[in-house]
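Just so you know, all these numbers are worked out from the coordinates, no wet-lab data involved. Remember, it's a predicted structure, so these values are computed and weren't measured experimentally. For neighbour counting, all protein chains shown are included, and Cβ atoms are generated from backbone atoms with ideal geometry for every residue, glycine included.
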Amino acid sequence: MSTTPLVPPQSEVKKNYLNAGYGIKSWLLTTDHKRIALLYLASITFFFLIGGLFALLIRLELLTPAGDLVTSETYNKLFTMHGVIMIFFFLIPSIPATLGNFLVPVMVGARDLAFPRINLLSWYLFVIGGVLAIYSMMAGGVDTGWTFYTPYSSVYSNTHVVVMIIGIFVAGFSSILTGLNFIVTIHTMRAPGMTWFRLPLFIWSNYATSLVQILGTPVVAITLALVAIERVFKLGIFNPTLGGDPVLFQHLFWFYSHPAVYIMVLPGMGVISEIISAFSRKRVFGYEFVALASIAISILGFLVWGHHMFVAGESVYSALSFSFLSFLIAIPSAIKVFNWTATLHKGSISFDTPLLYAFGFIGLFTVGGLTGLFLASLGLNVHVHDTYFVVAHFHYIMVGGTVMAYMGGIHYWWPKISGRMYPEGWGRLSALLVFVGFNLTFLPQFVVGYLGMPRRYHAYPPEFQIWNVLSTAGATVLGLGYALPLIYFFWSARYAAKAGPNPWGASGLEWQIDSPPITENFEVTPVITGPPYDYRKVLPQEEPVG
Amino acid sequence: MATYFPFLPEQGSRFATGVDTFYFSMVGLTIFFASLIFALILFFSVRYRRRSPREIGADIHGSLPLEIFWSVVPLVIVLGIFAWATELFFTRSNPPANTYDVYVAAKQWMWKVQHPEGISEINELHVPAGRAVKLVMTSQDVIHSFYLPIFRIKQDVIPGRYTSQWFQADKPGKYHLFCAEYCGTNHSHMTGWVHVMEPRDYQHWLSQAGIGTSMVAAGEHLFTSLGCASCHVRDCPPLQGLYGSSVALQDGRTVFAGEAYIRESILAPTAKVVRGYRPIMPTFQGQVSEEGMLQLLAYIKSLAGEAPGKVQK
Amino acid sequence: MSTNHVVPAKTYVYIFLALIGLTLATTEIAKVDLGWANTPVAFLIAGSKTLLVVLFFMHMKWSSYKMKVVAASGLVWLVLLFAFTVGDYATRDWIAVPGPWPQHPPASAAFDSSHPASVPSPPVAEHQP
Amino acid sequence: MAEQAQVHPLGLRHHFNNLDQQLEAGTMGMWVFLVTEIMFFGALFCSYAIYRSVYPEAWALGSHLNSSTLGAAMTVVLLMSSLTMALGVRSAALGNQRVVILMLSLTIVLGLAFMGMKGFEYYHHFEDKLVPGYDFSGYHGAHAGPVQMFISFYFIMTAIHATHMVVGVGLLSVMIWMTSRGRFNRQYYAPLEITGLYWHFVDIIWIFLFPMLYLVDLHK
């Protein structure tokens, strides 16, 4: 992107979005997309810690075959809370609401999102939903699993299901409003000259994510509302004794919840495209294919939900069509992985922390994606459905994929967000710890899953113990790997060296404004003249390389 | 069973072997692709590491042939996997001709298994080796899932309707039975054992396991005590030869008279009225327990001209 | 965009009268027994009323192509949800595919009850009540 | 009017370049929101369709419990409110604020009339003891279970629709207040148009609810 060079005036303390205002009101009533991104960053880190705590408790419980650390009711509440908090209150908002909110306006060359006040409303809805979920947890928790399958959730469970459902219902609208804001901003507020194929790939993947948020979230909102109504008024919508059909709940629930996994992973793919390109200083190989693959994933993502129900009483023919479409959706993901790898060819690669996280992402997402093919295969799904094989698969995509990309993205854009560098050595250590700890936690679960250990088991046969012990050992290393960045990011925000506008020599509009940026992002709206990822303009070469 | 640490699961049936071969070839495929990607990343990142701080990468945009290559090749591989897996699924979804029907009623946190000869067991399933066994299952409360890892099969058990699955064990032994669909507090204790026995031992076990009235006899008793016999002789739809045939309905549809049709016609008779008959049958909702329903079903299946258990499939 | 395009009031009144006419029509047609056609006809009338409201009252007729795509995407996804869900319920009664392809000859008369031997297995997932 | 446009056109927000961009963003934003509403009601319609195919007779019996003439009257009232809404937005484009206020008030009155008829219908069902989850003893016909499910679908769908009506009336009163304060002119009336889009959508939902809840096999 070539643009008129910006020479910031050297006043004593430069005005930026962080020191533009002080005090609680300037944060709680802000409509600046960058401040709302930080509000989201704080709140989802809080939920990530709670969810992580539950994960450690579950792993501790599973050290021994007998259920002896907690009672089975408590264990059921633990894995339900772990699921609900991690999915609805961490993974779904993680990249779109933090990095997306911060970067989408900057990357398209706008001063703010299309609807700043709705953006703040989105954060408040998230917090209200979170408070309701915390209240439901404090009051006694929910033991239905994050999937709320009826008739257990609507008739037989005597836990605080209704409060939790209202919490998720409200938090769902926060996700809808973020998606709505992104779609309108990307369509109507691009800088002059910024055509669709000059947009960074982070924008493409967040656009695809917003499509899924808009078209999927309302369906789960009304489905969970029906479960709550059925619970309160004893109606028979999903209750078989009164004529309802629990399989219909599963259809409506998974219509959203499978595309929801693409809400979680697509922004991660966008971050990885940016990191791979920045740290090999090379245009992403097959830019148009990677961009359109995101859109293909978001659309195909709506046609495959039946692979969660192969053994749940779905008809044979419906299972056939869902299985076939689930195989097709593997192709765009494969294209992305191959294109990322090809980008490294003839690049100028430097092994900073974000790139280590990106390599981790590509490795683990490849394994996660391919094990998805195991589960899409009808014959094999019959055996591995609802076992630890499934648990390992979706953790490879969610933790190995999305959380790795999220950590890589936070490290990559930290200089832009806080204006300071993070400690590189500690960063690389945390990336290594997370990679090793992750594999030690979830590889054994593939093995014990295929041996037949079912999901959500509080006590299991003794022959599965060795794999669970290995997995728990891995979980502690993983927990340590996540704790490290938390410490050094706080340290770096106060004491680290200042970072210039473009510490990595990366291309992109966000690297041409100050770190941290001013509230309006650009003094003068940039005009885009060339394709993205043009490193010859960012770092003019004396003599061309090889 | 001595606690040993299995790495590879035991195979209890031909279907299990088929699933395992598929699984191991998929594992091989995953290892191949993962190591291919890992090797490429390692090689590229070492070969093209940054040598000077201002060095940038070559100006390569992409290549259409390469993109087509790694779209079409994965597509072909994936379609091959789909075909193989679907063929496995057809075997699992289509029980062979004469299966040995066992009825399973799932209840929050236990499995009640009923053999056609009338013997019922809790959390235990004794089956003869070498014989195709079909499980006809229903639940009395929430969704459960009857999971036999040794045979690589599982099927959700849904309240309000019948679901079924089949297996043919070939190795005698005692294997795990799990509930795989989360069903509440004691979901992890809703487990049991399946005992595969030589046919001789099985007959011996049957004989001395108790002389319970056969399900067909119990079904016939219910059939008369509920008053069905008085009507289903002349002016009500005949039940002889009903099971497994197709029935023309009042509203022009033709329905396959399977287990679900019989259950529905008992609980909600006016849902599917047989052509040429008035919808005068009262509902028996709430008057017949799940076990009673299974016994009635066994009796009506026996009226299809065959003895229970050896029903022509 | 739909900026500053002023539609003559007459058009709105005509559209309104058409909508009222269609409402009365659908009420009367529902009273006549058309067998299976009742639902499609009612659906058609409701659809045309919706089209009138969207095109004229909501200015979609004069809106940009982008708006039309946004509105159409809502409809397409609704059809997706219906198609796959109803598709599952509709195919529940179908008998399972007659066995693995190679050895098992496809049953000639699938429903011919005269020789039950050829009757394929009862459907795997029975129809729910 | 011209110099006001150069200085700072009425209603232009700081992060937009011009009013056209702002209007396009606002309109697209509302249409994307309406797509989420389509999916929200769509899941309900899908469950309705599945259970109608499973219990055709019960759906017919349940639908006969609602009076189709009252339903038709409510539809006419709502269509009229759409007309007045459209005329209101049109007069905003022509700039005569008094007509805008008149039309929006008419729309509110018609909306309240619709809700009044709905309230009467609810009261009627309460009187006849036809309220699932509360007291459904008033129904003595066949298929009691599925008919109760139809009536619960009726209550859920109409209650959610009525909630959207209440939000619509709230929005309209805010628009009337803003118009009376002179916040709009010929160039800038986007909020009015966007509220119009929302109102027309709520009307479209009712256009589908009417045949689904009132006209099921009326000939039976």
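Decide, for the protein assembly as shown, between rounded, prolate and oblate: order the square roots of the alpha carbon gyration tensor eigenvalues as a ≥ b ≥ c, take rounded if a/c falls under 1.5, and otherwise choose prolate if a/b is larger than b/c, else oblate.
oblate
Which residue, chosen from A:F361, A:G419, A:L484, occupies the Cα position most advanced towards the positive end of the dipole of chain A, where the dipole is computed from +1 (Lys, Arg) and -1 (Asp, Glu) charges on Cβ about the Cα centre?
Farthest towards the positive end: A:G419.
Across peptide A:274-280, how many C-beta atoms of other chains are within 10 Å of each residue C-beta, on average?
Mean inter-chain Cβ contacts per residue within 10 Å come to 2.
Could you work out, for chain B, what percent of all Cα-Cα pairs fall into each 20 Å distance bin, beginning at 0 Å and stopping at the bin that holds the largest distance?
26, 44, 20, 9, 2
Does the stretch B:215-302 come out rounded, prolate or oblate by the C-alpha gyration tensor, with a ≥ b ≥ c the root eigenvalues, rounded set by a/c under 1.5 and, if not, prolate when a/b is larger than b/c and oblate if not?
Prolate, because a/c is 1.5 or more and a/b exceeds b/c.
What is the calculated FRET efficiency for B:F32 to A:L56, with r their C-beta to C-beta distance and R₀ = 35 Å, to the nearest 0.05?
Plugging the Cβ-Cβ distance into 1/(1 + (r/R0)^6) gives 0.50.
Taking Cα pairs under 8 Å and at least six residues apart, what relative contact order does chain A come out at, in percent?
Here the relative contact order equals 20 percent.
Among the listed pairs A:K234/B:K301; D:K118/D:K220; A:K336/A:K537; A:K416/A:K537, which are separated by more than 31 Å between their Cα atoms?
Pairs exceeding 31 Å: A:K234/B:K301.
Where Lys and Arg each count +1 and Asp and Glu each count -1, what net charge lies around D:I176 among other residues with Cβ under 12 Å from its Cβ?
Taking every other residue near D:I176 into account, the sum is +3.
Name every cysteine in chain B that ends up alone, with no second cysteine's Cβ under 4.7 Å, or say none.
That list is B:C179, B:C183, B:C228.
On a straight-distance basis, which lysines could pair with C:K61 in a cross-link, Cα separation under 21 angstrom, same-chain partners fewer than 8 positions away excluded?
C:K10, C:K49
Would you mind telling me the antiparallel percentage of the DSSP bridges in chain B, rounded to 5?
Around 70 percent of the beta bridges assigned by DSSP in chain B are antiparallel ones.
Using the Cα centre as the reference, give the magnitude of the dipole from point charges on the C-beta atoms of the stretch B:100-208 (Lys, Arg: +1; Asp, Glu: -1; all else neutral), rounded to the nearest 20 debye.
In debye, rounded to 20, the stretch B:100-208 gives about 160.
For helix B:215-225, report the angle its Cα long axis makes with the longest principal axis of the Cα atoms of chain B; keep it between 0 and 90° and round to the nearest 10°.
Long axis of B:215-225 versus the principal axis of chain B: about 50 degrees.
Could you work out the relative contact order of the stretch A:129-228, using alpha carbon pairs under 8 angstrom and six or more residues apart, expressed as a whole percent?
Dividing the mean separation by the residue count of the stretch A:129-228 yields 35 percent.
Taking every residue in A:367-378, how many Cβ atoms of other protein chains lie within 10 Å of its Cβ, on average?
5
Put one equal scatterer on each alpha carbon of chain A, apply the Debye formula with no solvent term, and list log10 I(q)/I(0) at q = 0.13 1/Å to two decimals.
Those come out to -1.37, one per q.
Once phi is turned into θ = phi - 60°, what whole-Hz ³J(HN,Hα) does the Karplus curve with 6.51, -1.76 and 1.60 give for every residue of the stretch B:39-55, x standing for Gly and Pro?
5, 4, 4, 4, 5, 4, 6, 7, 5, 10, 5, 6, 9, 10, x, 9, 6
Using only Cα atoms, find the angle between the long axis of helix A:33-61 and the longest principal axis of chain A, and express it within 0 to 90 degrees, rounded to the nearest 10.
It works out to around 40 degrees.
Under 11 Å from the Cβ of A:G286, count the other residues' Cβ atoms, weight Lys and Arg +1, Asp and Glu -1, and hand me the total.
Combined, the nearby Lys, Arg, Asp and Glu give 0.
Treating cross-link reach as a plain straight distance, find the lysines whose alpha-carbon is under 30 Å from the alpha-carbon of B:K174, omitting any fewer than eight places away in the same chain.
Of all the lysines, those that pass the test against B:K174 - Cα under 30 Å, at least 8 places apart if same chain - are B:K107, B:K112, B:K134, B:K154, B:K310, B:K313.
Of A:F238, B:A248, D:S137, which is farthest along the charge dipole of the protein assembly as shown in the positive direction, counting Lys and Arg as +1 and Asp and Glu as -1 at C-beta?
Ranked along the dipole, the leading option is A:F238.
Once both axes come from the Cα atoms, what is the angle between helix D:97-127 and the longest principal axis of chain D, in degrees from 0 to 90, rounded to 10?
On a 0 to 90 degree scale, this one is about 10.
Apply 1/(1 + (r/R0)^6) to the Cβ-Cβ distance of D:T69 and D:L102, taking R0 = 41 Å, and write down the FRET efficiency to the nearest 0.05.
0.85
At a Förster distance of 30 Å, what's the computed FRET efficiency of B:H61 paired with A:L49, Cβ-Cβ distance as r, to 0.05?
Given R0 = 30 Å and the Cβ-Cβ separation, E is 0.10.
With the Cα gyration tensor of the stretch C:9-93 giving a ≥ b ≥ c as the square roots of its eigenvalues, does the rule (a/c under 1.5 for rounded; else a/b larger than b/c for prolate; else oblate) give rounded, prolate or oblate?
oblate
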